[in-house]
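K.L.:
Okay, here's the structure, questions in a sec.
The values are calculated or read from the model by the stated rules, or taken from the named source; none is laboratory data. All values reported here derive from a predicted model rather than from experimental measurement. So basically every Cβ, Gly included, is an ideal-geometry build from the backbone, and we count neighbours across all protein chains shown.
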Amino acid sequence: MERVYIFVTGGNRGIGKAIVLRFAKEGHFVCFSYHSREKDAKRTLNEVKKLGGDGFYVQMDVSDEQSVKKAYEQVKDTVPYLNVLINNAGVLHVGTIENTRLEDWNRVININLTGTFLVTKIFLPLLKKAPWASIVNIASVAGIRGNIVASAAYAASKAGVIALTRRLAIELAPKIRVNAVAPSFVETDMVREFMDTPEKRKRIAELHPLKSICTPNDVAEAVYFLAMPCSRYITGHTLVIDGGRFA
């Protein structure tokens, strides 16, 4: 099998790390970015190599154009092209519209939505060089149906990611496929406060017909499927990963 080159934003922990390790498990070359936790990035890269994969990491702020351009140059100087781009970096914001400050709104939109736009736009030349390429964006069910935890800013940012996914699928076809995944409640550091007791965990699990909580590995498996040629006839799609909650 030909060598596959991957780039994952926010790949040092949580969902991003699970995605990085899923590709590494198959022996692929995985580049990933981190924002401020280099220790986590080093740990993730060590795990990549233990799994038989290879790769490296770069520091990047997805909401800053110059930072993204700098990271692009580092990646461009290391790999011949990119087969897969995973736009994963994001932040969660909790609160009502009344207690959401403008700076809160701008931060969430700039990282979750503008970050997806910037990274895709700037890294596109490397994807166009590949014999085949795909993009997978990490959205959320909050961007489709809303939920009682995430704020309006978060819901709006993820709805924007889903709309951007559909538009890019049209623009970049047939050379590059573009899809998204929309998980429900995923067990990561971002939401740990909502399930820090057995009682809270049970309540969250009971919300889903599968009676369990989604893990980063569950999301990574779906991302891997959409990213690779096995899903060659799927584009412009958002795959909901919610344990049947909204069935």
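K.L.:
So, in segment 157-194, exactly how many residues are in a helix (DSSP H, G or I), within 18 Å of Leu239 (Cβ to Cβ) and modelled with pLDDT under 85?
P.N.:
Qualifying residue count, segment 157-194: 0.
K.L.:
Considering only residues that are farther than 24 Å from Ala163 by Cβ and at pLDDT below 95, look in segment 219-247 and name the one that is surrounded by the fewest Cβ atoms within 10 Å (Cβ to Cβ).
P.N.:
Gly244
K.L.:
Do you know which of the residues in segment 1-24 that are in contact with a Gly (Cβ under 8 Å, 6 or more places away or on another chain) and free of Cβ contacts under 8 Å to residues at least 60 places away in the same chain is surrounded by the fewest Cβ atoms within 10 Å (Cβ to Cβ)?
P.N.:
Of everything passing the filter in segment 1-24, Ala24 is surrounded by the fewest Cβ atoms within 10 Å (Cβ to Cβ).
K.L.:
Do you know which residues across segment 125-151 are assigned to a loop (DSSP other than H, G, I, E, B), surrounded by fewer than 22 Cβ atoms within 10 Å (Cβ to Cβ) and modelled with pLDDT of 90 or more? Working first, answer last.
P.N.:
First, pick out the residues of segment 125-151 that are assigned to a loop (DSSP other than H, G, I, E, B): 129-132, 139-140, 144-149, 151.
Those still in the list that are surrounded by fewer than 22 Cβ atoms within 10 Å (Cβ to Cβ) too: 129-132, 144-149, 151.
Across segment 125-151, the qualifying residues are Lys129, Ala130, Pro131, Trp132, Ile144.
K.L.:
When Lys200 is evaluated against the numbered criteria (1) in contact with a strand residue (DSSP E or B) (Cβ under 9 Å, 6 or more places away or on another chain); (2) over 22 Å from Leu126 (Cβ atoms); (3) without any contact (Cβ under 8 Å) to a residue 24 or more places away in the chain, which criterion, by number, is the only one it fails?
P.N.:
With (1) in contact with a strand residue (DSSP E or B) (Cβ under 9 Å, 6 or more places away or on another chain); (2) over 22 Å from Leu126 (Cβ atoms); (3) without any contact (Cβ under 8 Å) to a residue 24 or more places away in the chain applied to Lys200, the lone miss is (1).
K.L.:
Looking only at strands (runs of 3 or more DSSP E) that fall completely inside segment 25-101, which ones have 2 or more residues that are touching a Phe, Trp or Tyr at 6+ places or on another chain (Cβ under 9 Å), surrounded by fewer than 19 Cβ atoms within 10 Å (Cβ to Cβ) and of a type in the set (Ser, Thr, Tyr)?
P.N.:
Values: elements: 29-34, 54-59, 84-87.
Filter on segment 25-101 gives an empty set.
K.L.:
Within segment 205-247, track down each residue that is touching a residue at least 60 places away in the same chain (Cβ under 8 Å) and at positive phi.
P.N.:
Selection gives Gly236 alone.
K.L.:
Looking for something modelled with pLDDT under 95, among the acidic types (Asp, Glu) and surrounded by 14 or more Cβ atoms within 10 Å (Cβ to Cβ) - is there at least one such residue anywhere in segment 195-213?
P.N.:
Quick first cut of segment 195-213, residues modelled with pLDDT under 95 only: 195-213.
Remaining after also requiring among the acidic types (Asp, Glu): 196, 199, 206.
Cutting the leftovers down to surrounded by 14 or more Cβ atoms within 10 Å (Cβ to Cβ) gives us none.
No, the conditions are met nowhere in segment 195-213.
K.L.:
Follow-up. Using the structure shown, decide if Ser67 is in contact with an Asp or Glu (Cβ under 6 Å, 6 or more places away or on another chain) and under 20 Å from Asn112 (Cα atoms). I'd like the intermediate steps shown before the answer.
P.N.:
Numbers: in contact with an Asp or Glu (Cβ under 6 Å, 6 or more places away or on another chain): yes; under 20 Å from Asn112 (Cα atoms): yes.
Spelling it out, Ser67 is indeed in contact with an Asp or Glu (Cβ under 6 Å, 6 or more places away or on another chain) and under 20 Å from Asn112 (Cα atoms).
K.L.:
Being within 16 Å of the chain's Cα centre (by Cα), over 22 Å from Glu171 (Cβ atoms) and modelled with pLDDT of 95 or more is the filter here; which residues of segment 91-109 pass it? If you could, list the steps in order and put the result at the bottom.
P.N.:
Residues of segment 91-109 that are within 16 Å of the chain's Cα centre (by Cα), as a first pass: 91-92, 108-109.
In the following step, the residues that additionally are over 22 Å from Glu171 (Cβ atoms) were identified as 91-92, 108.
Answer for segment 91-109, where residues must be within 16 Å of the chain's Cα centre (by Cα), over 22 Å from Glu171 (Cβ atoms) and modelled with pLDDT of 95 or more: just Val108.
K.L.:
Collect the residues in segment 211-247 that are assigned to a helix (DSSP H, G or I) and of a type in the set (D, E, K, R), keeping them in residue-number order.
P.N.:
From segment 211-247, those assigned to a helix (DSSP H, G or I) are 216-227, 229-231; that's our starting set.
Listed by number, the residues that qualify are Asp218, Glu221.
K.L.:
Report yes if some residue within segment 34-48 is hydrophobic (A, V, I, L, M, F, W, C) and touching a helix residue (DSSP H, G or I) at 6+ places or on another chain (Cβ under 6 Å); otherwise report no. Give the derivation first.
P.N.:
Applying the first criterion (hydrophobic (A, V, I, L, M, F, W, C)) to segment 34-48 yields 41, 45, 48.
Now narrow it down to the ones that are touching a helix residue (DSSP H, G or I) at 6+ places or on another chain (Cβ under 6 Å): 48.
Yes, that holds for at least one residue.
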